[in-house]
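Comments concern the structure below.
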Amino acid sequence: MAVRDIDAADEWLADWTARIDAQAARAAQLAQRVAGLSAQARGRYAVVTVGANGQVEGLELDDQMYGLSPHELSDEILTVMRSAQAHLVSMVAEEVHDTVGADSETGRAVIDGFARRFPPPPPPSAPGDSRG
């Protein structure tokens with residue numbers, strides 16, 4: 001009977017090791033996929049592209065932006081950038097779902113980390129609006 005117990009323990013250990021290896025491979029795949037992401041958002045006068053860490057990688061301004069005050073222009077750029085970053089969160093969530101699973105501890109941690117760093121932007125203010 002002791003041999004069966006040892007065989008069962010060996011089998012359990014082999015299964016556990018295989019699960020850990022598969023989980024590590026999925027986490028590595030997630031990291032690789034997320035590293036390649038970029039998101040873009042468009043506003044009235046600006047288009048902003050952000051990279052996988054939320055950093056601005058591209059900024060396009062419409063010629064109509066010359067009619068804006070510096071405050072209005074900065075509000076536009078920041079609002080559009082935050083929209084792109086919020087879109088990045090949803091893209092990361094898709095990658096998490098497809099790799100490690102959104103219900104896994106790793107998946108929840110990754111999604112929560114991005115969501116805390118890049119919350120949804122406030123509603124945009126219209127040019128001339130004194131909110132700020």
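Distances longer than 17 Å among the Cα atoms of the chain: what percent of all pairs is that? Show your work: numbers first, answer last.
Values: 5735 of 8646 pairs.
Percent of Cα pairs beyond 17 Å in the chain: 66.
Once the chain from Asp103 to Arg42 is taken as fully extended at 0.36 nm per residue, the excess over their C-alpha distance is 18.8 nm. Springs join every pair of Cα atoms under 10 Å in this Gaussian network model of the chain, and among Thr106, Thr17, Thr49 the largest mean-square fluctuation is at Thr17. Which trypsin sites (Lys or Arg not before Pro) in the range 8-56 sit in a loop by DSSP (not H, G, I, E or B) and have at most 16 other Cβ atoms within 10 Å of their own Cβ? Qualifying residues, ordered by number: Arg44.
Rank Leu78, Leu13, Leu59 by mean-square fluctuation in a GNM of the chain with C-alpha springs under 10 angstrom and give only the top-ranked residue. Result: Leu13 has the largest fluctuation of those listed.
For the chain, relative contact order (Cα pairs under 8 Å, six or more residues apart, normalised by length) works out to 22 percent. Note on the chain: GNM, Cα springs under 10 Å; of Ser38, Ser90, Ser69, the largest mean-square fluctuation is that of Ser69.
Quick note: the coordinates plus some simple rules give every number you see, no bench work behind them. Keep in mind that what you see is a predicted model, and the values were worked out from it rather than measured. Methodologically, a virtual Cβ is constructed for each residue, glycine included, from the backbone with ideal geometry; neighbour enumeration extends over all protein chains shown.
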